[in-house]
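First the structure, in the form of structure tokens, and then the observations on it.
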Amino acid sequence: MDALGEPQAVLVLGGTSEIALATVRLLPRGRLRRVVLAGRPSASLDEAVASLTAAGIPGVVTQAFDATDTDSHGGIIDSVFDAGDIDVVLLAFGLLGDQAEAESDPNAAVLVATTNYTGAVSVSLHVARRLRQQGHGALVVLSSVAGDRGRRSNYVYGSTKAGLDTFAQGLGDALHGSGASVLVVRPGFVRTKMTTGMKEAPMTVDAEDVGAVIVSALRKGRETVYAPGPLLFVMTALKSMPRAVFRKLPM
Ligand SMILES: NC(=O)c1ccc[n+]([C@@H]2O[C@H](COP(=O)([O-])OP(=O)(O)OC[C@H]3O[C@@H](n4cnc5c(N)ncnc54)[C@H](OP(=O)(O)O)[C@@H]3O)[C@@H](O)[C@H]2O)c1
């Protein structure tokens, strides 16, 4: 199944996400006429519109959206879909947070959890409702390898991605047969503003590399994909490693 085809309309949740913007730039352009960048109003969001427009992508507009304001999600998603069918939704918002800060201030951990998990669950269910109604379209969920196994260095963030990943897998199964689909994407370390200043991990890639993986996975109708792909083998090995050994790894 080709879940991508020639998309006419795309919704990005997390409109300034470098991974999402790189993905939009790589989508087939033939029939593309509407790109909605949903995010918190800011100069960065306006710059994202300008950069996609300058790249020749037509119909790029903004939509105010805050992942933590779950009461607003239904109205926002309805207004975007009421204006026309959406073929691809990229759920790309997220907070990495700071593990040490989260441990000393649980409110900081709650913000990461609320944004990455609660906000994503809320908006995904509204998106799924509309995708099911239209009978086509793909929801792409940015999970992370950090959700594959709890790690001392980032278990608050990792746990939000584990929850989101499990949720998105189930949502994909719930939509099976409706014509709509869910693609779960598990990137490793990606060079974006989220990771600026951090020590790069093995198999680090650029946002464009993840975008290429997403576009290819949509074309092939994949349901789960690692970015880069070979991380699947690394994570499979890491997941089966005894806890006492895993704990000592410098990660
Ligand atoms: N970079 C990596 O190494 C990596 C690895 C694995 C997974 N991922 C995941 O991939 C996704 C995209 O990451 P990225 O690297 O493209 O990061 P990014 O460029 O920092 O983008 C993160 C996005 O999240 C948005 N956001 C944060 N809190 C929000 C809120 N309350 N409401 C609405 N939007 C909010 C930001 O909007 P503002 O402009 O308003 O801040 C920004 O658009 C994230 O889910 C991330 O967890 C990233």
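Ordered from largest to smallest accessible area (heavy atoms of protein chains, 1.4 Å probe), the residues ARG29, ARG130 come out as ARG29, ARG130. Solvent-accessible area assigned to carbon and sulfur over the chain amounts to 55 percent, based on a 1.4 Å probe. Other residues whose C-beta falls under 11 angstrom from the C-beta of LEU183 contribute a net charge of +3, scoring Lys and Arg +1 and Asp and Glu -1. Over the C-alpha atoms of the range 1-104, the Rg to Rh ratio, Rh being the Kirkwood estimate, stands at 1.01. On a 0 to 90 degree scale, rounded to 10, what angle separates helix 73-82 from the longest Cα axis of the chain? Roughly 40 degrees between the two axes. Between the range 140-186 and the range 11-71, what is the separation of their alpha carbon centroids in Å? Each part's Cα centre sits 22 Å from the other's. Between the amide H of GLN8 and those of ASP87, distances stay under 5 Å, these residues lying 5 or more places away or on another chain, with hydrogens modeled in the peptide plane. One equal scatterer on each Cα of the range 143-218, no solvent, Debye formula: the resulting log10 I(q)/I(0) at q = 0.21, 0.22, 0.28 Å⁻¹ is -1.03, -1.09, -1.29. For LEU139, the residues whose amide H sits under 5 Å from its own are VAL89, SER181, VAL182, LEU183, ignoring neighbours fewer than 5 places away on the same chain, with H placed 1.01 Å from N.
Write out the trypsin sites (Lys or Arg not before Pro) in the range 182-212 meeting two conditions: DSSP loop, and at most 16 other Cβ atoms within 10 Å of their Cβ. Before the final figure, lay out the partial values.
Working: sites: ARG191, LYS193, LYS199; in loops: LYS199.
Answer by residue number: LYS199.
All C-alpha pair distances within the chain, sorted into 10 Å bins from zero, spread as 7, 32, 38, 18, 4, 0 percent across the bins. A straight Cα-to-Cα reach below 24 Å connects LYS239 with the lysines LYS161, LYS199, LYS248, residues fewer than 8 places away in its own chain not being considered.
Rolled with a 1.4 Å probe across the full set of protein chains, the surface gives ILE86 an accessible area near 0 Å². Computed from point charges on the beta carbon alone (+1 for Lys and Arg, -1 for Asp and Glu), the dipole magnitude for the chain about its Cα centre is near 800 Debye.
The H on the amide N of ALA227, modeled in the peptide plane, is under 5 Å from the matching H of ARG186, GLY188, each at least 5 residues off or on a different chain. Computed from backbone phi, the HN-Hα couplings of the range 106-115 come to x, 4, 5, 5, 5, 5, 5, 5, 5, 5 Hz, rounded to whole numbers (Karplus: 6.51 cos²θ - 1.76 cosθ + 1.60, θ = phi - 60°; Gly and Pro given as x).
Convex hull volume per residue, computed on the Cα atoms of the range 108-251, equals 117 Å³. Heavy atoms of the protein chains alone define the surface here; on that basis the chain has 46 Å² accessible area per residue at 1.4 Å probe size. Of THR16, THR115, the residue with the largest accessible area leads and the full order is THR16, THR115 (1.4 Å probe).
The values are calculated or read from the model by the stated rules, or taken from the named source; none is laboratory data. Fair warning: this is a prediction, and the values are worked out from it, not measured in the lab. Cβ: placed from backbone, ideal geometry, glycine included. Neighbour counts: every protein chain shown. In case anyone asks, the SASA skips ligands and DNA or RNA and just uses the protein heavy atoms, side chains included. Shrake-Rupley method; radii C 1.70, N 1.55, O 1.52, S 1.80 Å.
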